[in-house]
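Engineer: Once you've had a glance at the structure underneath, I'll fire off some questions.
The values are calculated or read from the model by the stated rules, or taken from the named source; none is laboratory data. The structure presented is a predicted model; accordingly, all values stated were derived computationally and were not measured. Cβ coordinates were reconstructed from backbone atoms using ideal geometry, including for glycine residues, and neighbour counts include every protein chain displayed.
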Amino acid sequence: MQSFIKSPSINKPPPFFQRIRILFLPKGTLFYGWWIVAVSSFVLYLGSLFWIQSYGAYAVVFNREFGWSMTMLSAAYTLTRIESGLLGPVQGWMTDRYGPRIILSIGLLMHGIGLFCLTLVETLPSYFLTVIIISVGISLGGYQTLMVAIVNWFQRHRTKAIALTQLGHSLGGLSVPMLAYGLEQFGWHTIAFASGSAAILLGIPLAQNIRHRPEEKDEVVDGKIIGKNYNKLLEKNNESVSASWQNALRTSAFWFISAGHAIALLSVSSVLVHLIPHLTKTLDMGLTEAGLVFSIVSISQILGLSCGGYLGDRFSKRIICLYCMIFHGSGMLILAFFDDYSMVILFSVLHGIAWGVRGPQMVAIRADYFGTRSFGKIFGISSMVVMFGTMLGPIICGLVVDYYGIYRNAFIMIGLISYIGALLFFFARKPRFHA
């Protein structure tokens, strides 16, 4: 009779809440890696809200008050992207060498000081200098530094962890209408000073919770080794597959991923700087109303992140990125050819979802392809290529709108180039390294 009594299959998927418990509470207590994700997400939120995604709103204010052209305001933003790209390799080396905590603290301090300096700006040269200080602060105290920690704490759930971290950036964009309202009601001097204070007083204390690797907290990657083959899988992905930065640069995958990422940010940076000016000038929206439309991009990005973390841990990140680039390109063409409010919303949804789904893949695919041992250096060197996308997008749009008075030709060009980015990801196949 006992032969008819079947024990539950060990391969049977656990219930939903059991999956959540295993994910976040592998040892019965919250895995410290998820604390790092939460802190990292908040730090990205500060940088996103106070500058990266609100730059378009500040650009409208400075254009009105000082009469500075959109080309010059775009050039200032582009200068920050050049700085970020050139700083990348050094930043990667410093993060690998000294750990992310000290680099984050220095960056957040510079971010806050830069926003304080912004309140004193009256001339274009002083504005450029201030933007450089803010940009260096956000670079050191933001995305690249945080990703070095995240990829070292997670392997099985790496893309999910990256997606949850990047959620802070999206929530910052979602909060842009609040900042735009503050700019209109209280003035940019007050908002910049308050933002700088928050970056220092909130960001720096929280950054002290960041740890470079799990062993610093007597933890292991992912919190718990699950399954008899997990040790071998972990060793395979994080040790034997890890490439030096020299070997990574010899692969075509490194350059295809870097160029594809650059093209993706050609679209993203153009939207960050020029969507709100396009809506206020071309479509005659108010600043707050334009900020609300911008928030739809952020809502869609959050939805994309929610899916992207799940998809990236289960399916080909390369193919996911291919489809996201098609979405980016299609969204830009819609924005170029249609002025109807409903089509602007459609663009916002397409662009936001593509941005959200693709974002965590950009970090995770590099860690999967090249390992984590020299990740900071590899990611930093790649940023020198990526900077051309963030640099050229705003400049192209600024020149076009100053010459033609509309953005259409620039948006068409960026949309078509995005399709080339899709092909680059298609050919970015995983390289093989010898142990």
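Engineer: Would you confirm, using the coordinates I've provided, whether Met362 is buried (at least 22 other Cβ atoms within 10 Å of the Cβ), assigned to a helix (DSSP H, G or I) and in contact with a Lys or Arg (Cβ under 6 Å, 6 or more places away or on another chain)?
Structural biologist: no
Engineer: Look through Val60, Val121 and report the one residue that is surrounded by fewer than 24 Cβ atoms within 10 Å (Cβ to Cβ), free of Cβ contacts under 8 Å to residues at least 40 places away in the same chain and over 28 Å from Gln208 (Cα atoms).
Structural biologist: Val121
Engineer: Spot the failing condition for Gln361; the list is (1) touching a residue at least 12 places away in the same chain (Cβ under 8 Å); (2) within 28 Å of Ala76 (Cα to Cα), and only one is missed.
Structural biologist: Tallying (1) touching a residue at least 12 places away in the same chain (Cβ under 8 Å); (2) within 28 Å of Ala76 (Cα to Cα), Gln361 fails exactly one: (2).
Engineer: Can you go through Thr95, Thr71, Thr119 and tell me which one is at pLDDT below 80 and either touching a helix residue (DSSP H, G or I) at 6+ places or on another chain (Cβ under 7 Å) or over 25 Å from Gly168 (Cα atoms) (or both)?
Structural biologist: Unique residue meeting the criteria: Thr71.
Engineer: Go through the stretch 242-313 and tell me which helices (runs of 4 or more DSSP H), entirely inside it, have 3 or more residues that are within 24 Å of Ser330 (Cα to Cα).
Structural biologist: Output list reads 252-281, 287-312.
Engineer: Moving on. Inside the stretch 171-187, can you point out the residues that are touching a residue at least 60 places away in the same chain (Cβ under 8 Å) and over 25 Å from the mean Cα position of the chain (by Cα)?
Structural biologist: Glu184
Engineer: So, one more: All but one of (1) buried (at least 21 other Cβ atoms within 10 Å of the Cβ); (2) modelled with pLDDT under 90; (3) under 22 Å from the mean Cα position of the chain (by Cα); (4) not in a helix (DSSP H, G or I) hold for Ile210, so report the exception by its number.
Structural biologist: Going through the list (1) buried (at least 21 other Cβ atoms within 10 Å of the Cβ); (2) modelled with pLDDT under 90; (3) under 22 Å from the mean Cα position of the chain (by Cα); (4) not in a helix (DSSP H, G or I), Ile210 breaks only (2).
Engineer: Restricting the stretch 320-359 to residues that are hydroxyl-bearing (Ser, Thr, Tyr) and surrounded by fewer than 17 Cβ atoms within 10 Å (Cβ to Cβ), which is nearest to Gly304 (Cα to Cα)?
Structural biologist: Tyr323
Engineer: Would you confirm whether or not the stretch 71-78 contains a residue that is crowded, with 18+ Cβ neighbours inside 10 Å and closer than 24 Å to Val148 by Cβ?
Structural biologist: no
Engineer: Considering only the stretch 363-378, state which residues are touching a Gly at 6+ places or on another chain (Cβ under 9 Å) and modelled with pLDDT of 85 or more.
Structural biologist: Selection gives Ala364, Ile365, Ile378.
Every residue, every condition in (1) over 17 Å from the mean Cα position of the chain (by Cα); (2) among the aliphatic types (A, V, I, L, M), yes or no:
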{"residue": "Gln301", "(1), (2)": "no, no"}
{"residue": "Ser306", "(1), (2)": "no, no"}
{"residue": "Cys321", "(1), (2)": "no, no"}
{"residue": "Cys324", "(1), (2)": "no, no"}
{"residue": "Asp339", "(1), (2)": "yes, no"}
{"residue": "Val357", "(1), (2)": "no, yes"}
{"residue": "Gln361", "(1), (2)": "no, no"}
{"residue": "Asp368", "(1), (2)": "yes, no"}
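Engineer: Is there any pair with a first residue in the stretch 82-104 that is farther than 10 Å from Val148 by Cβ and a second that is among the basic types (Lys, Arg) whose Cβ atoms are under 6 Å apart and which are 6 or more apart or on different chains, and what are they?
Structural biologist: Pairs found: Trp93/Lys377.
Engineer: Another question, then. If only one of Ala194, Ala163 is under 14 Å from the mean Cα position of the chain (by Cα) and part of a helix (DSSP H, G or I), which one is it?
Structural biologist: The unique qualifying residue is Ala163.
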